[in-house]
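*Asks:* Before I ask anything, let me first share the structure, which is written out below as structure tokens.
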Amino acid sequence: MRWALGGSILKSSSLFSLGLLFLFSASLPPLGPAQLIRASVAYTFSIVSAVCLFMTCRRYFHTALAFGAVLWALSFAYPHFFVAFLSILFVLGWAWLGLLWASWRLWRVKGVIAAFVVQYAINLIYLPLEFANLLPNWALVAIGDNPHTTFLNWARYLLTYLSAVATLQTIRTLERLGQSRRGGDCRRNTHLGCLNP
């Protein structure tokens, strides 16, 4: 199912829901690094689902789903440091580089710059989200996590998704404003040679 933003509602909503399910599974044993692996997969899914609202992302969607499912399963069967390292690479490769890839597709270099600026501005906003932690504070401290900034938090998961959507929508809006402004300049100045951009 395609929609006005250019992506797929079905892919986006299904991956977002699966990510939320994976996040809630982070409260299950085994504890420690395994929980952070599941959280990493979940947050990656949230950003991939946001990207898929704006892009046709068949290969991106399927590879994220496949690798994420494998990492999630390994977090139960083999919660080793190496799997935790792979989950970090998964976040970097599919979440943040995926967001930059979408920003590039929407507005090239300006889109990438805008993505950094918008994400930085959003990260400056502090919100007390401890009410949504999936584990009690003492349990988070026991696994070396910070109760105030933990990713084992469903509200933070939602905000990660919304911030990615806001970033891409801002870039899309700015790009369209730039196009309309160039169109107005062309109509006023026909010597620019852009009557049919």
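*Asks:* Which one is nearest to Ala34 (Cα to Cα) among residues in segment 116-175 that are surrounded by fewer than 14 Cβ atoms within 10 Å (Cβ to Cβ) and of a type in the set (Ser, Thr, Tyr)?
*Replies:* So, considering only residues that are surrounded by fewer than 14 Cβ atoms within 10 Å (Cβ to Cβ) and of a type in the set (Ser, Thr, Tyr), the one nearest to Ala34 (Cα to Cα) is Thr149.
*Asks:* Mind checking which residues of segment 55-107 are surrounded by 19 or more Cβ atoms within 10 Å (Cβ to Cβ) and in contact with a Cys (Cβ under 9 Å, 6 or more places away or on another chain)?
*Replies:* Phe61, Ala64, Gly98, Ala102
*Asks:* In addition: Where residues in segment 12-32 are free of Cβ contacts under 8 Å to residues at least 60 places away in the same chain and more than 21 Å from the chain's Cα centre (by Cα), which of them is least open to solvent (accessible area, probe 1.4 Å)?
*Replies:* Ranking the qualifying residues of segment 12-32, first place goes to Pro30.
The values are calculated or read from the model by the stated rules, or taken from the named source; none is laboratory data. Just so it is clear, the structure is predicted and the values come from calculations on it, not from any experiment. Cβ coordinates were reconstructed from backbone atoms using ideal geometry, including for glycine residues, and neighbour counts include every protein chain displayed. Note: accessible area is taken over every heavy atom of the protein model, side chains too, but ligands, DNA and RNA are not part of it. Shrake-Rupley method; radii C 1.70, N 1.55, O 1.52, S 1.80 Å.
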